[in-house]
Amino acid sequence: MKATVATMQELEVMLGQSAPLGAIPREGGVNFSLFSRHASGVTLLLFDHEEDPNPARRIRFDPATNRTHHYWHTFVPDLKPGQIYGYQVDGPFDPAKGMRFDSSKILLDPYGRGVTVPQQYSRAAAASEGSDIASAMKSVVIDTCSYDWEGDVPLQKSSARTIIYEMHVRGFTRHPSSGVGEERRGTYAGVIDKIPYLQELGITAVELLPVFQFDRQDCPAGSVNYWGYAPVSFFSPHQAYSSRANGSGPVDEFRDMVKALHCAGIEVILDAVFNHSAEGNHNGPTLCFKGIDNPTYYILEADRSHYSNYSGTGNTLNANHPVVRRMIVDSLRYWVEEMHVDGFRFDLASILSRDSSGHVLASPPVLWDIESDPSLAGTKIIAEAWDAAGLYQVGTFVGDRWKEWNGKFRDDVRSFVRSEPGSVHQMADRIIGSPGVYGHEQREAEQSINFVTCHDGFTLNDLVSYDHKHNATNRENNRDGANDNRSWNCGMEGPTDDALIETLRNRQVKNFLTITMLSLGVPMILMGDEVRQTQHGNNNAYCQDNEISWLDWSLVETHADIYRFVRLLIQRRLLRETGPSVERKSLNQLLAGSKTDWHGVKLNQPDWSDHSHSLAFSAEIRKQNLFLYLILNAYWQPLEFELPQIGDGSRERWRRWIDTVLDSPDDIIEWRNAPTISTQTYRAGPRSTVVLFSGGTSNVDH
C-alpha cells in the first residue's frame, strides 16, 4: 500500500500542478502551467541558447493527464533557472469565430518572469505563415527568491510630499554627455549612477515609461518603438534596459535600481500598459496571447475576425474577463512583492472600465480588484483617465483611492500662460486643486496629478518654442501626434539667437514650473524640463531612439538658471507639514478651512471676464504662521497689483520669493534671504509670475 501511494505522489509531481501559473522553480526541477480554454494541445519547447534555430527538447502535454480544466501543466525534472523555453499551442484557426491558433509559432509564457530576444528576432516572421522558431522571442525561467534585498521594502511615502519625475530608463543616460560608462548607458544600472542628480533636484518619485518587455519592432519600417507602449510580457523587465542581458540579469539589475533608489528616498512608479499588447490587429504578429487563447485575452468586434481598437494600437485587452483580470492583478502583485515597486500609472486606464463588448461598466471589476487587493494597499495607483476612442473620465474615474493625471490642468494652464481669452476662471480652479473637477468626490487634494508636459507631446522648452509640431522624422508625413498643443513660440518658430525671445521663453518656462509646483495636488515634471530639453518640435517621439529623445546632460550647465529654479521650488514645497500628527483633510475641507481671497490689480476685485489675463490669490496658512500672495500676469504689459494687509496690520512686511521677470539669481531667492517689499503695490512684469510671503519662520532654516 505504501509503495502504491508513493508511486501516485511521484506521478502527481511529474504531471505538474495547475497553480501557480508560469514557470516556477521547485526542488528538483521546474513546474510549468499555462491557461488555454480553447486549445486542443500544448507543447513545451526547451532551448539551450537564445540563438538556437531548433529546440533541444520538446515535451508534449497529454490532454488526459497534463490538463486540469483549462490549465495545462507539467513538471520537468532537473531544469534550473535560466532555462529558455516557449510554447506551441494547437487549436482551430477560424478567425470568423475569433480563433487564431497557429502551432507553427513559438509563444511567450503570459506569466514568464524573463524574456530573451535573439539577434535575428523578426516581427514580420511572427506575422507571416510558417515557423518562426529561430527568430521568436522566448521566455526564461527565473528564480525570484534568490535575490538579497538587504531589508529593502517599498517606501509608501505620503502623496502630499511626492514630486514625480517622469523619465525614460534608456533616454535618461543614453546620451554620451551623461558621463555614464558606455556599457551602462541606457540601462537600469545607468539610472543608479545618476541618482545623486535626482536627489539634488529634490525628486521623491520616478515614474518610468514602460519597462514591461516590449517589441521594439512595433513601429513603422525603419524605426524602433522607443517609448515601449508595445508590451509582450507583463511580468518581465525589458531585457534591453539591462547591462546584464542574459538569464536573471535584467531582473536582478532592475531590483538593484529599485533598491538604490529606495536608499536615496526615491519611490519607483511604473507606467503599466494593460490596455493592449504588441500583437496588433488581425494582420499583426502572433507572439503570445493571440496564439494561446485569442477570444479570452482580447475584445473582439461583432465580426470576430477583427479586434476592437479602443487603444489606437490595433487591439484591446479584455481586462474584465476573469482570467485577464487575474493576470493583471497577479502582475501588479508580482511587481510590488517581488520587485518592490511603489506604484503604477495606468496607461489609457479608462479602457479597463470596458466589458467584453466594449461597453463602459459602471463598476468595473478589474479596477475594484486593483483598489481592494491587500498586497496593493500601500501602493500609489494613478489613472490616465481616458482612452483612444474618446472615453474621457477625468473627475469621474471609478474608485475611492485612484489618483488621476489631470489633463484639464495641462490644457487650462497652457491656455492661460499663452494668454488665451476666457482662461482665467479655469486657471483659478486648477491652482486650488481643481475642485470644479474633483470636489464632488470629497477626496484628498492629491487626487489631481498636476502636469503641463509629459512624454506624449511637446517638452516644456518646445511648448514655448514651436507653434506647430515638426514630426517629419517619424516618417508619417507629419500626420501623427496631436494638433492641439496650446503652444506659443514667443515670436519665432524653433531655435533662435534673438536674446529677447530667449529671455521670454525662459520666463514662460519658469511660469509653467511655478504654477505646477505650487498648485494643490501632486506635481509631475518631465525628464529634462528642468534644463529645457528639446525634441526639436517633435511632439510624438515614440519612435526616436536617438538624440531627439535622449537627455542631453550638457544642458544642465547651459540652463543652470532653470535647474536652480526648479531645485529651489521643490526644496520649499517639501517643507509642507505632513506626517501622522497632521490631520488629513479632503480638498473641500482644506479649502473651506483656509483663509483665501481672489484679487485683480485691485484687492478683492478679481476680473473673471473673457478678456482678462491676470489674477492674484492670497492665502493664510495658520499652522505655519505663513501668508502667501501669488500674482499671475499673462498680460503682455506690466501691471501694478495692490498688496493686501498682512494679518492684523502689524509691522510685518511682504518678502519676495519669486519673480520670473527677473534674471537669475533674483528670479527665485533662497527662502531665508528673500528681500522685503516696502511698497503697498507690486509691479508684475509682462507674462510673469510673482510669489510673495510673510512669516513662516519656523521653516526658514530647514
**Message:** Of all residues being among the β-branched types (V, I, T), at pLDDT 95 or above and within 28 Å of the chain's Cα centre (by Cα) in the stretch 101-148, which is nearest to N294 (Cα to Cα)? Just the residue, please.
**Reply:** V115
**Asked** Scanning for something open to solvent by 10 Å² or more (accessible area, probe 1.4 Å), without any contact (Cβ under 8 Å) to a residue 24 or more places away in the chain, part of a helix (DSSP H, G or I) and not polar (S, T, N, Q), does the stretch 200-210 turn up at least one residue?
**Response** no
**Request:** Pull up the stretch 491-519, narrow it to residues that are part of a loop (DSSP other than H, G, I, E, B) and more than 30 Å from L575 (Cβ to Cβ), then point me to the one that is most open to solvent (accessible area, probe 1.4 Å).
**Result:** D497
**Prompt:** Restricting the first residue to the stretch 57-76 and requiring it to be closer than 13 Å to V89 by Cβ, which pairs with a second residue that is surrounded by 13 or more Cβ atoms within 10 Å (Cβ to Cβ) and charged (D, E, K, R) meet a Cβ separation below 7 Å and a spacing of at least six or different chains?
**Reply:** F61/R67; H70/R37
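Can you report the number of residues in the stretch 471-490 which are over 22 Å from E530 (Cα atoms) and part of a loop (DSSP other than H, G, I, E, B)?
First, pick out the residues of the stretch 471-490 that are over 22 Å from E530 (Cα atoms): 471-484.
From the residues that got through so far, the ones that are part of a loop (DSSP other than H, G, I, E, B) too are 471, 475-484.
Number satisfying all stated conditions: 11.
Specify which of the listed residues (R656, R672) is more than 23 Å from V424 (Cα to Cα), touching a residue at least 12 places away in the same chain (Cβ under 8 Å), surrounded by fewer than 15 Cβ atoms within 10 Å (Cβ to Cβ) and of a type in the set (K, R).
Numbers: R656 fails: surrounded by fewer than 15 Cβ atoms within 10 Å (Cβ to Cβ).
Going through R656, R672 in turn, just one is more than 23 Å from V424 (Cα to Cα), touching a residue at least 12 places away in the same chain (Cβ under 8 Å), surrounded by fewer than 15 Cβ atoms within 10 Å (Cβ to Cβ) and of a type in the set (K, R): R672.
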**Complete:** Output for Cβ contacts, cut-off 7 Å, separation at least six or different chains, first residue within 12 Å of W654 (Cβ to Cβ) in the stretch 614-636, second open to solvent by 30 Å² or more (accessible area, probe 1.4 Å) and of a type in the set (S, T, N, Q), reads S618/T596
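For the structure I just gave you, tell me whether G179 is within 19 Å of Y241 (Cα to Cα) and open to solvent by less than 30 Å² (accessible area, probe 1.4 Å).
On the way: within 19 Å of Y241 (Cα to Cα): yes; open to solvent by less than 30 Å² (accessible area, probe 1.4 Å): no.
Answer is no for this residue.
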**Asked** Going by the structure shown, is S614 over 34 Å from the mean Cα position of the chain (by Cα), surrounded by 20 or more Cβ atoms within 10 Å (Cβ to Cβ) and of a type outside the set (K, R)?
**Response** no
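Considering only residues that are part of a loop (DSSP other than H, G, I, E, B) and touching a helix residue (DSSP H, G or I) at 6+ places or on another chain (Cβ under 8 Å), look in the stretch 312-335 and name the one that is farthest from L21 (Cα to Cα).
Narrowing the stretch 312-335 to residues part of a loop (DSSP other than H, G, I, E, B): 312-316, 318-321.
After this cut, where a residue has to be touching a helix residue (DSSP H, G or I) at 6+ places or on another chain (Cβ under 8 Å) as well, the list is 316, 318-321.
On the way: T316: 22, N318: 19, A319: 18, N320: 19, H321: 17 Å.
In this case the residue turns out to be T316.
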**Prompt:** Can you find even one residue in the stretch 438-447 that is under 15 Å from F409 (Cα atoms), open to solvent by 20 Å² or more (accessible area, probe 1.4 Å) and among the small types (G, A, S)?
**Reply:** no
**Prompt:** So which residues in the stretch 86-96 are over 36 Å from the mean Cα position of the chain (by Cα) and in contact (Cβ under 8 Å) with a residue 24 or more places away in the chain?
**Reply:** D90, G91, P92, A96
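How many residues does the stretch 459-470 hold that are in a loop (DSSP other than H, G, I, E, B) and either closer than 19 Å to W402 by Cα or open to solvent by less than 10 Å² (accessible area, probe 1.4 Å) (or both)?
3
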**Prompt:** Taking the condition buried (at least 19 other Cβ atoms within 10 Å of the Cβ), out of contact with any strand residue (DSSP E or B) (no Cβ under 8 Å at 6 or more places or on another chain) and in a loop (DSSP other than H, G, I, E, B), does Y147 pass?
**Reply:** no
**Pairs, first of a type in the set (D, E) in the stretch 514-537, second open to solvent by less than 10 Å² (accessible area, probe 1.4 Å) and part of a helix (DSSP H, G or I), C-beta under 6 Å, six or more apart** = D529/L460; E530/V566
**Prompt:** Which members of the stretch 288-320 meet the condition of being hydrophobic (A, V, I, L, M, F, W, C) and within 14 Å of F101 (Cβ to Cβ)?
**Reply:** C288, F289, I292
**Message:** Among the numbered criteria (1) open to solvent by 30 Å² or more (accessible area, probe 1.4 Å); (2) closer than 25 Å to W608 by Cα, which one does D456 miss?
**Reply:** (2)
**Asked** Based on what the data block shows, is D271 under 30 Å from D303 (Cα atoms), among the charged types (D, E, K, R), at pLDDT 95 or above and surrounded by 18 or more Cβ atoms within 10 Å (Cβ to Cβ)?
**Response** no
**Asked** Going through the stretch 277-302 one residue at a time, which ones are touching a residue at least 60 places away in the same chain (Cβ under 8 Å) and part of a loop (DSSP other than H, G, I, E, B)?
**Response** A278, G280, H282, N283, G284, P285, T286, L287, C288
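I570 - would you say it is aliphatic (A, V, I, L, M), modelled with pLDDT of 95 or more, within 17 Å of M427 (Cβ to Cβ) and not in a loop (DSSP other than H, G, I, E, B)?
Here the answer is no, as I570 does not meet what is asked.
The values are calculated or read from the model by the stated rules, or taken from the named source; none is laboratory data. This is a predicted model, so every value here is computed, not measured. Virtual Cβ from ideal backbone geometry, glycine too; neighbours counted across all protein chains shown. These accessible areas exclude ligands, DNA and RNA; they are computed on the full protein's heavy atoms, side chains included. Shrake-Rupley method; radii C 1.70, N 1.55, O 1.52, S 1.80 Å.
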